[in-house]
1. Return yes when B:Lys223 is more than 14 Å from chain A (Cβ to nearest Cβ), out of contact with any strand residue (DSSP E or B) (no Cβ under 6 Å at 6 or more places or on another chain) and more than 16 Å from ligand 2 (Cβ to nearest atom) and no when it is not.
2. Kindly indicate the residue of the range B:59-86 that is of a type in the set (Gly, Ala, Ser) and within 16 Å of ligand 1 (Cβ to nearest atom) and also surrounded by the most Cβ atoms within 10 Å (Cβ to Cβ) among those meeting that condition.
3. Tell me, please, whether a residue that is within 16 Å of ligand 1 (Cβ to nearest atom), surrounded by fewer than 19 Cβ atoms within 10 Å (Cβ to Cβ) and in contact (Cβ under 8 Å) with a residue 24 or more places away in the chain can be found in the range B:190-210.
4. Just name the residue that is surrounded by the most Cβ atoms within 10 Å (Cβ to Cβ) out of those in the range B:136-174 that are assigned to a loop (DSSP other than H, G, I, E, B), within 16 Å of ligand 1 (Cβ to nearest atom) and on the phi < 0 side of the Ramachandran plot.
5. Scan the range B:213-231 residue by residue and report those that are surrounded by 17 or more Cβ atoms within 10 Å (Cβ to Cβ) and either without any contact (Cβ under 8 Å) to a residue 24 or more places away in the chain or over 14 Å from the mean Cα position of the chain (by Cα) (or both).
6. Pull up the range A:112-133, narrow it to residues that are within 18 Å of the chain's Cα centre (by Cα) and buried (at least 23 other Cβ atoms within 10 Å of the Cβ), then point me to the one that is nearest to A:Tyr247 (Cα to Cα).
7. Would you point out which residue out of B:Thr52, B:Thr16, B:Thr29, B:Thr45 is within 14 Å of ligand 2 (Cβ to nearest atom) and of a type outside the set (Asp, Glu)?
8. Does any residue of the range B:64-82 turn out to be among the charged types (D, E, K, R), free of Cβ contacts under 8 Å to residues at least 40 places away in the same chain, in a loop (DSSP other than H, G, I, E, B) and facing chain A (nearest Cβ under 8 Å)?
Amino acid sequence: MSQTITPAKFDLLSPKREISAKTDENSNNWADFIQETIALTKRLFIQLQRRPSTLIAGIIQPFMWLVLFGALFDNAPNNLFGNDLGYAQFLAPGVIVFTAFSGALNAGLPVMFDREFGFLNRLLVAPLASRFSIVAASTIYIISLAFIQTGVIVGASALLGAGLPGLAGLGAIALIVFLIVLGVTALSLGLAFALPGHIELIAVIFVTNLPLLFASTALAPLSFMAKWLQVIASLNPLTYAIEPIRYLYLNNHWTIKSMVMETPWTSISFTGVILILLAFDAVILFAIQPLLRRRFA
Amino acid sequence: MTIALVIEKLQKSYGTVKAVKNISFQVQTGEIFGILGPNGAGKTTTIRCICTLSQPDAGQIEVGGVSVIDNPRAARRRLGYVAQEVALDKMLTGQELLELQGAIYHIPNKVAKERISELLQLLGLEEYANKKTGTYSGGLRKRLDLAAGLLHQPDVLVLDEPSVGLDIESRFILWDFLRKLKAAGTTVVITSHYLEEIDALADRLAIIDQGEIIATGTPSELKNRVGGDRVTLRIREFSPPDEAEKAKHLLESLPFVEEAIINSAQGNSLNLVVTSQSNPLTQIEQSLAAADLPIFSMAQSRPSLDDVYLAATGRTLMDAELAAAGSRDLKAEQKQAMK
Ligand SMILES: Nc1ncnc2c1ncn2[C@@H]1O[C@H](COP(=O)(O)OP(=O)(O)OP(=O)(O)O)[C@@H](O)[C@H]1O
Ligand SMILES: [Mg+2]
């Protein structure tokens, strides 16, 4: 029974890295990226679990939008929003997209607080495969919340008489919500790296959030709007997420070639809308790259 | 002896403030290297450049032969960083925080778990492992931060003023731990404005002041370099300048007095350097009495690192601290530091 065990403690403190961290040669960037993304995501979910108020508020809020806006237009003339279309049905897609958008727009705040408290330095001095893992973790977290919220909104709208899209329709809604969350989360994180502090970030969120809601087709169709607002709404990424979802709600039979959106200039197919949202994401991810790489003064 | 860390002509400004003007030093593998300097000397700025948090304006930094500027990722693998301000996630437990730390250094999960439990044990944190860090005391937070910095077994561990705010006991635990770390072969770079800390711990040190190195060497080299014993003398509690000047001239003429400096920040007290001599105090007393000058207080001591600092800058570290405390805009800095 005589085994020689090298004293673990001595080993523990010595700078021998073969047993632990990877070295420059044997590191696999993708594996590293996945490992750090999982760990950062896990942190966000632990925080959520121990501080569930975000989730609770995140579920109550869209529910209130539905009820309050629904009631606001309760006595609107029949068919105002289209043939056989109740406002509940009209509203649901707007609330789905706006809820996901708001969540994503706020994604930079925790990162900004990490920066202000110095926790972000912990990540910045670590050999991260890419700082995009911070973006990826936030996106996974926000998208999970957005899916829960979307589920609740879809369910509640069904009860309020908006009907329920088919399985493919639900899948398409998930895809669209994902695309809008990805781009906006990345944008918000870019701002968290670029702006001086949380006051400025909150200011930006404040002046973007509601104006983008009102300058989209979330609450009213294009045809209700002044010409200039129609133009803005047709450039607003939210509209590109709302309109196809609205189409899915209204048309049980749709294909990727269906024309799901009208702009003052042209009609756009489902595929077209998806491509535009993809381009929106690509542009933002590309644009924030230098901000993430930037070293802090 | 191999070289673990090279800093070559480092410069860094914040706007018009030249935080680091020109700093060069080398740290040998396996030594504890101290960076001593008063508040605002540029210690943190230097450390931030080493740890890839700040981009130097000019100069080179190499860790184990890897350039921090050209190859930051490889440098980060070799460095452990314990910041001046402990930043933990108060919602996570100590265990969870260390697991996150392990993952961002890409330590395989199983290995990380083992190392975490060993480190927690070594630092006396086991019973707190599953408590949220928000409930930790200052000493516990620092120890957890230390564990985090060491998890990936860095070649060089950099600690920025690790004992600020620690009680005496935690401070001794920390010192003891750093010595163990050194014994195990890890290179340690530590900044401090406590002379005693650097004197007790460091194999070699650099004293920096206003962004420049004013001395490097081992503690005893530096102390020997500034000559014999020190005598601190106060004519009165606050001596008028002319009286201090008069005493200075008088004492300088004594054969065993090598040097006399008037320390205006300390009520014009006199700091004398004396050759090792049987009894300087009696002779000083006699010659002052002969000139009708009183003595408020007088003490003799071996040279300390403070004397090294005093010899180079004409003021003590304590004075420099006090002066710096009055002239800094901490809020503006904090804001800047986040950029
Ligand atoms: N982010 C910043 N923006 C502007 N000035 C700064 C910034 N950081 C440091 N400084 C200035 O640079 C100089 C060096 O600061 P540094 O923090 O490196 O000193 P230090 O030696 O670490 O001091 P301390 O002992 O107080 O931690 C100081 O004059 C300080 O006011
Ligand atoms: Mg400092």
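The values are calculated or read from the model by the stated rules, or taken from the named source; none is laboratory data. All figures in this text were calculated on a predicted structure; none of them were measured in a lab. Here the Cβ positions follow ideal geometry from the backbone for every residue, glycine too, while neighbour counts run over all protein chains shown.
1. Values: more than 14 Å from chain A (Cβ to nearest Cβ): yes; out of contact with any strand residue (DSSP E or B) (no Cβ under 6 Å at 6 or more places or on another chain): yes; more than 16 Å from ligand 2 (Cβ to nearest atom): yes.
In short, yes.
2. Step one: list which residues in the range B:59-86 are of a type in the set (Gly, Ala, Ser), which gives B:59, B:64-65, B:67, B:74-75, B:80, B:83.
Right, trim to within 16 Å of ligand 1 (Cβ to nearest atom) and you get B:59, B:83.
Details: B:Gly59: 17, B:Ala83: 23.
Filtering the range B:59-86 for residues that are of a type in the set (Gly, Ala, Ser) and within 16 Å of ligand 1 (Cβ to nearest atom), the one surrounded by the most Cβ atoms within 10 Å (Cβ to Cβ) comes out as B:Ala83.
3. Yes, the range B:190-210 contains a residue that is within 16 Å of ligand 1 (Cβ to nearest atom), surrounded by fewer than 19 Cβ atoms within 10 Å (Cβ to Cβ) and in contact (Cβ under 8 Å) with a residue 24 or more places away in the chain.
4. The initial filter retains those residues of the range B:136-174 that are assigned to a loop (DSSP other than H, G, I, E, B), namely B:136-137, B:151-155, B:161-167.
Keeping just the survivors that are within 16 Å of ligand 1 (Cβ to nearest atom) gives B:161-166.
Applying the additional criterion that residues be on the phi < 0 side of the Ramachandran plot yields B:162-164, B:166.
Details: B:Pro162: 28, B:Ser163: 21, B:Val164: 16, B:Leu166: 17.
Step by step, filter the range B:136-174, then rank; the result is B:Pro162.
5. Across the range B:213-231, the qualifying residues are B:Leu222, B:Lys223, B:Val226, B:Gly228, B:Asp229, B:Arg230, B:Val231.
6. Out of the qualifying residues, it is A:Ser133.
7. Numbers: B:Thr52 fails: within 14 Å of ligand 2 (Cβ to nearest atom); B:Thr16 fails: within 14 Å of ligand 2 (Cβ to nearest atom); B:Thr29 fails: within 14 Å of ligand 2 (Cβ to nearest atom).
Only one candidate passes the filter, namely B:Thr45.
8. Our first condition is that a residue be among the charged types (D, E, K, R); within the range B:64-82, this holds for B:70, B:73, B:76-78.
In the following step, the residues that additionally are free of Cβ contacts under 8 Å to residues at least 40 places away in the same chain were identified as B:70, B:73, B:76.
Going one step further and asking which of them are in a loop (DSSP other than H, G, I, E, B), we end up with B:70.
Adding the requirement that they be facing chain A (nearest Cβ under 8 Å) leaves none.
Checked the range B:64-82: no residue is among the charged types (D, E, K, R), free of Cβ contacts under 8 Å to residues at least 40 places away in the same chain, in a loop (DSSP other than H, G, I, E, B) and facing chain A (nearest Cβ under 8 Å).
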